[in-house]
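*Asks:* This is the structure I want to talk about, given as structure tokens.
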Amino acid sequence: MFYLSNILGMRVLDRKQAVVGCIADLEVTSTEKFPIVAAVLVKTHSGLIRVGWHNVRALGIRECTLKVVGSELEPNFTLQDTSMLLLNHVLDKQIVDVHGAKVVRVNDIELAESHGQLRVIAADAGLRSFLRRLGLSWAISLVEQTRHHKVAENSIPWSFVEPLGRDVRNVQMRTTWKELSKLHPSDLADIVDDLDFNERDALFKALNDEQAADTLAELEDDRVKVAILERLGVARAADILEEMDPDDAADILQDTRADTQEAVLQEMRPEEREDVRELLAYDEDTAGGLMTNDYLEIRQEMTAGQVIDLLRHEAPDTETIYYLYVTDDSGRLAGVLSLRGLIVAQPERAVGDIMFRHSVSVFVDDPKKKVAEVMDKYGYLALPVVNHEGLLQGIVTVDDILDQAME
């Protein structure tokens, strides 16, 4: 096994054992699960020379021997779209440990020979690799002896590594960052918090609209949400907000500039646009500002069987179906039907006969604190929100209250 830190600066000999220069970097193919070294970049008196791996005879502990003579080598180097440089693009840069769902800094890179090829097998991010690279390997033994504790290596298999940074080429980003899309949105949000603007741009470009929406909703800092959305451009921002729950989309747009807000709204589909506009009209510190208008509303004369059929069709696009809200002909809240009550009811029973008529609700202008107190008192997962005429306006879900409590 080789470490990149030991390879860099290694002297290079030609076929006649004449010194050509020293290794400046390794070029690898970025499309492989474990990247293959495609070439050695040699620093010479006349410039940087790219030597294909097929022209490398042997890579030893102290020197690299070529199959060609020095006079056959000419200064040339053009990086291919599907390649990257280990020193320039990865070493001392941040990477995403997909398995651990965290951002770490690379202290060294492990390589190994296999069937005549040299492959990248892991990235080292621990203290051991840091001390070894500084030439302080003796300190590792000293620490382990005095503390009776082994210094961790933290070697991350390359199959779990996603390179970051503005230096990594766009093509390489698209081919490898797809692994990040397999992470849970909350894990992706944690990773986003550790990235700079350029890295965040690259990450969100690699996610589809639904994944981007879920990740954006999980971010805690509203300023970060707005900054990401604005840098994505109006069209992409609109596509992502359409995938979000209306209340989450409204919360983000509430903090954007007026001109940006209006431009994004105009780009959204009419139905989603009107849902978000309706929520933007409320003060963010009230029940109206917390609520979503994405809920299922049913009528008293419907049967349990008809409601279940409606659920099969509408539930996938509704934020929560734990409670179903019953309204009268004028849109006033008449009662609440729990999902449990619906399931155990006979299919022919009318909703009006099985619903709970004395439902607890809050007004659209009630402060957030009161909403939290009511939800805590009754232990509900969602609360209906009505105006002062009793007309149902939306619902506040427990996750929205938890978000406020965490803040």
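Rule-based calculations on the coordinates, nothing more; no lab input. These figures come from a predicted structure and were not determined experimentally. Quick reminder, even Gly has a Cβ in these numbers, built from the backbone with ideal geometry, and neighbours come from all protein chains shown.
*Asks:* Can you pull the one-decimal nm distance between simple spin-label points at Asp399 and Asp201, each 7 Å off the Cα toward Cβ?
*Replies:* About 3.0 nm separates the two model spin labels.
*Asks:* Pop a pseudo-label 7 angstrom from the Cα along the beta-carbon direction at both Ser330 and Asp376 and give the gap in nm to one decimal.
*Replies:* Between Ser330 and Asp376, the simple spin-label model gives 3.5 nm.
*Asks:* Separate question: If I model a spin label as a point 7 Å beyond the Cα along the Cα-Cβ vector, how far apart are those points for Ile321 and Asp92 in nm?
*Replies:* Here the modelled spin labels are 5.6 nm apart.
*Asks:* May I ask which residue of Asn6, Val96, Ser155 lies farthest towards the positive end of the charge dipole of the chain, with charges of +1 (Lys, Arg) and -1 (Asp, Glu) on Cβ and the Cα centre as origin?
*Replies:* Asn6
*Asks:* Cross-link partners among lysines for Lys33, C-alpha distance below 26 Å, same-chain residues fewer than 8 apart left out?
*Replies:* Output for Lys33: Lys93, Lys102, Lys178, Lys182, Lys205.
*Asks:* Where nothing but the Cβ of Lys and Arg (+1) and of Asp and Glu (-1) is charged, how large is the charge dipole of the range 1-100 around its Cα centre, in debye to the nearest 20?
*Replies:* 380
*Asks:* Answer with a single label: of (1) 22.2, 73; (2) 24.0, 91; (3) 29.7, 96, which was calculated as Rg and Dmax of the Cα atoms in Å from the structure in view?
*Replies:* Step by step, Rg and Dmax of the Cα atoms in Å for this structure corresponds to label (3).
*Asks:* DSSP loop trypsin sites (Lys or Arg not before Pro) in the range 280-366 with at most 13 other Cβ atoms within 10 Å of their Cβ, which ones?
*Replies:* On the way: sites: Arg299, Arg312, Arg332, Arg340, Arg349, Arg357; in loops: Arg349, Arg357.
Passing sites in the range 280-366 are Arg357.
*Asks:* Just flag the trypsin sites (Lys or Arg not before Pro) in the range 240-283 sitting in loop per DSSP whose Cβ has no more than 14 other Cβ atoms within 10 Å.
*Replies:* Those that pass, being in a loop and sparsely packed, are Arg257.
*Asks:* Could I ask something else about it? Given contacts defined as C-alpha pairs under 8 Å and at least six residues apart, what's the relative contact order of the chain, whole-number percent?
*Replies:* Details: 705 pairs, mean separation 37.8, N = 407.
The value is 9 percent.
*Asks:* Whole-Hz ³J(HN,Hα) for each residue in the range 387-396, computed from phi via Karplus 6.51 cos²θ - 1.76 cosθ + 1.60 with θ = phi - 60°, x for glycine and proline: what do you get?
*Replies:* 8, 6, 9, x, 6, 5, 10, x, 9, 10
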